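Right, one structure below, let's go through it.
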Amino acid sequence: MSHEWSAARRKRFRDRLREWYQRHQRPLPWRQTDDPYAIWVSEVMLQQTQVEAVIPYYHRFLSRFPDVHRLAEASLQEVLKVWEGLGYYARVRHLHQAARQLVRERNGQFPQSFEQWKRLPGVGDYIAAAVCSIAFSLPHAVVDGNVKRVLARLFACEDPVNQSRAVKRFQILAQELLDVHQPGLHNQAMMELGATICRPRQPACGRCPVQAFCQAFEEGRQETLPVRQPGKSVPEYAIAVGVVQRNGKVLITRRRPEGLLGGLWEFPGGKIQAGESPTQACQREILEEVGLQVRVDAPIARVRHAYSHFKVVLHVFRCTYLEGSVRLNGPVDYRWVALHELKDYPFPGANRKFIPRILEMASLSDKSSEDFG
Ligand code: SF4
């Protein structure tokens, strides 16, 4: 383990890593700034999301909300709309809440300590360490999936990387290796090494700047480390969804602000129960959720979507309003909107998969342009 490394060995490791990073790092947009706000936004986006997917969102988000004041002034819906498609929406709800808290309590000034950052909504050890080290050069080591993999291989550590009790151990290892004089650079170099060289499968050990320090390489175990605890199988739910038409408009509802996909808009629906057909479920769910009697007309699409802990299959139907007035049971808001207005609302990924089909059906329909099917 790293405490068994001499101080001289640790220094040689840091030097090799730093020299490699300075020559080979990818020119990512958030590496061209020292603005704590931009660094914070990038780190929030990068949690659970690949670099390539983040880049366009990062530019769009910063051009729309260039500083913490502009973010705090924006409505949650505006913020969700810019984030739409990036997933894990709790991240952006917390970012928005944190921006408001910073403006309210500190006139938009950023905290300059790890503990103060951690008091903000959505800021855990990773974000606090990343922002503090990169923006303020504070000596806190980051531990993300890439860093854990690199450490597990460097030290041939067999603690399962996906178990929470192993986090402490990896945190200690990372902190011992940290270059406290250039913590931001060191942290980014460790993550870059994991992302580009010490990859999950087929690590490029031949090009690795720290191969001479790597126990897994020495023992030929780089493909079998890190160890992962086998995960539970992911359940799949069948969901019925209704696109309810009335007078050329369709009904959308807003999810409650907290929890999965909180604050996003969607078409009403819910789980298909045992013994129920998708059309029966669609009718029942719409009655229960929004209090409307509808006729289920025809299928629009069948859509699969995966979330982190489960999958869904959406059976989407075109429905016609029959009677009743909207009474919400679950959603916190609703709108009857024309089809061309759907683009103004933030929807979850699963809904965005079938919205183009609705628009396509409308454009093929010889009824009014706002009708479809
Ligand atoms: S030698 Fe291979 S396994 Fe070891 S740190 Fe480098 S890339 Fe990873």
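The values are calculated or read from the model by the stated rules, or taken from the named source; none is laboratory data. Bear in mind that the values here come from a model prediction, so they are computed numbers and not experimental data. Note that each Cβ is placed from the backbone with ideal geometry, even for glycine, and that neighbours are counted across all protein chains shown. Surface areas here come from the heavy atoms of the whole protein model, side chains and all, with no ligands, DNA or RNA. Shrake-Rupley method; radii C 1.70, N 1.55, O 1.52, S 1.80 Å.
Taking the convex hull of the alpha carbon atoms in region 158-240, what volume per residue do you get, in Å³?
Values: hull volume 13.5 nm³, N = 83.
Here the figure is 163 Å³ per residue.
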Specify the angular offset, from 0 to 90 degrees and rounded to the nearest 10, of the alpha carbon long axis of helix 183-196 from the longest principal axis of the alpha carbons in the chain. 70 degrees
What spacing in nm lies between the two simple spin-label points modelled at residue 49 and residue 341, each 7 Å away from Cα in the Cβ direction? 2.7 nm
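Which whole-number value in Å² is the accessible area per residue of the chain, probe 1.4 Å? Before the final figure, lay out each step's value.
Working: 18190 Å² over 373 residues.
Value returned for the chain: 49 Å² of accessible area per residue.
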Looking at the chain as a GNM with Cα springs under 10 Å, which of 322, 292, 185 has the largest mean-square fluctuation? 322
Looking at the square roots a ≥ b ≥ c of the eigenvalues of the Cα gyration tensor of the chain, which shape do they give, rounded for a/c under 1.5, prolate if a/b is larger than b/c, or oblate? prolate
Taking Cα atoms, the helix 164-177 axis meets the longest principal axis of the chain at an angle in degrees (rounded to 10) of 40 degrees
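For the pair residue 104 and residue 63, what calculated FRET efficiency results from E = 1/(1 + (r/R0)^6), where r is the Cβ-Cβ distance and R0 = 22 Å, to the nearest 0.05? If you can, show how the numbers build up before the last one.
On the way: r = 25 Å, r/R0 = 1.11.
It comes to 0.35.
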Using a probe of 1.4 angstrom, how much of the accessible area of region 236-364 is carbon and sulfur, in percent? 49 percent
Once both labels are modelled 7 Å past Cα along the beta-carbon direction, what's the residue 329-residue 199 spacing in nm? 5.1 nm
Between region 281-299 and region 209-247, how far is it from one alpha carbon centroid to the other, in angstrom? 37 Å
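Please report the relative contact order for region 115-229, taking Cα pairs under 8 Å with a sequence separation of at least 6, and give it as a percent rounded to a whole number. It would help to have the intermediate numbers written out before the result.
Details: 160 pairs, mean separation 38.5, N = 115.
In percent, rounded to a whole number, it is 33.
Calculate the all-directions average of the projected area of region 97-192's alpha-carbon convex hull, and give it in nm².
On the way: hull surface 25.1 nm².
In nm², the orientation-averaged hull projection of region 97-192 is 6.3.
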Measure off 7 Å from each Cα along the Cα-to-Cβ vector at residue 233 and residue 207, then give the distance between these two points in nanometres to one decimal. 3.9 nm
Between residue 181 and residue 298, 0.36 nm times their residue separation minus their Cα-Cα distance comes to what? 35.7 nm
Hull surface divided by four, with the convex hull built on the Cα atoms of region 236-364: how many nm²? 7.4 nm²
Taking only the alpha-carbon positions of region 2-219 as identical scatterers, the Debye log10 I(q)/I(0) at q = 0.07, 0.10, 0.15 Å⁻¹ comes out as -0.22, -0.46, -0.98
Quote the FRET efficiency, to the nearest 0.05, computed for residue 247 versus residue 280 with a Förster distance R0 of 35 Å and r equal to the Cβ-Cβ distance. 0.85
Compute a Gaussian network model of the chain, connecting alpha carbons closer than 10 Å, and tell me which residue from 315, 59, 181 fluctuates the most. 181
